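Just below is one structure, and these are the notes that go with it.
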Amino acid sequence: LAGTLLHFVYEWFGGSFWAIIGAVNESTWEHLKLLFFPILFFGILEYFSYGKNTPGFIPIKTVSILLGMALIVVLFYTYTGILGFNLAPIDISLFVIGILSAYWFSAKQLAQPPSWALSSAANALFAGILLLLLLFFIVFTFSPPEIGLFLDPVTGNYGLAS
């Protein structure tokens, strides 16, 4: 639900804050925000609720976000590569698959944390990856690389239209 709302917040309210967390165009990259920010914000609530005392919480949550985002990108470019066009119902389904996969992975791993997630070095590394992703979402909203992932197929622009 939060991801769906984030699709429209920039259009509704404008401003830099909403541009950072909401989609500013129809590019694949901007749609990844719809998964990243709700899981991140809910993950912060989870962390303070129970995650501080859960071994491997930060590494597992980070990998779950990366998994959800990777699934969206891979499945989107696979099906649009085959069909030659995209369809909104499939795009929405891919978003749901990404979210469900991220939470499924997280639940399974948190129930029995793997050894790779248990060290303080893993916590630091994956917290750094989360911060790097956050930085990328901020920077690439305003100054994206001019590659296909960032191209708005509707307007032909990258990031916020000038």
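The values are calculated or read from the model by the stated rules, or taken from the named source; none is laboratory data. Just so we're clear, the structure is a prediction, and the values are computed from it rather than from any experiment. Cβ sites come from the backbone with ideal geometry, for glycine too, and all protein chains shown count toward neighbours. Side chains included, ligands, DNA and RNA excluded: accessible areas come from the protein's heavy atoms. Shrake-Rupley method; radii C 1.70, N 1.55, O 1.52, S 1.80 Å.
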- [ ] Could you tell me whether any residue of the stretch 44-60 is free of Cβ contacts under 8 Å to residues at least 40 places away in the same chain, buried (at least 17 other Cβ atoms within 10 Å of the Cβ) and under 14 Å from the mean Cα position of the chain (by Cα)?
- [x] no
TODO: Go through the stretch 61-71 residue by residue and tally those that are among the aliphatic types (A, V, I, L, M) and either farther than 16 Å from residue 94 by Cβ or touching a residue at least 40 places away in the same chain (Cβ under 8 Å) (or both).
DONE: 3
Open item on the list: List the residue pairs whose Cβ atoms are under 6 Å apart, where the first residue sits in the stretch 144-161 and is over 20 Å from residue 85 (Cβ atoms) and of a type in the set (Gly, Ala, Ser), the second is open to solvent by less than 40 Å² (accessible area, probe 1.4 Å) and not in a loop (DSSP other than H, G, I, E, B), and the two are 6 or more positions apart or on different chains.
Closed with: 159/141
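Please go through the stretch 6-37 and pick out each residue that is part of a helix (DSSP H, G or I) and either more than 16 Å from residue 92 (Cα to Cα) or open to solvent by 80 Å² or more (accessible area, probe 1.4 Å) (or both).
9, 10, 11, 12, 13, 16, 17, 18, 19, 20, 21, 37
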Task: Restricting the stretch 61-104 to residues that are of a type in the set (Val, Ile, Thr) and more than 19 Å from the chain's Cα centre (by Cα), the residue that is most open to solvent (accessible area, probe 1.4 Å) - done: 82
Open item on the list: Regarding the stretch 105-119, can at least one residue be identified that is open to solvent by less than 30 Å² (accessible area, probe 1.4 Å), in contact (Cβ under 8 Å) with a residue 60 or more places away in the chain and of a type outside the set (D, E, K, R)?
Closed with: yes
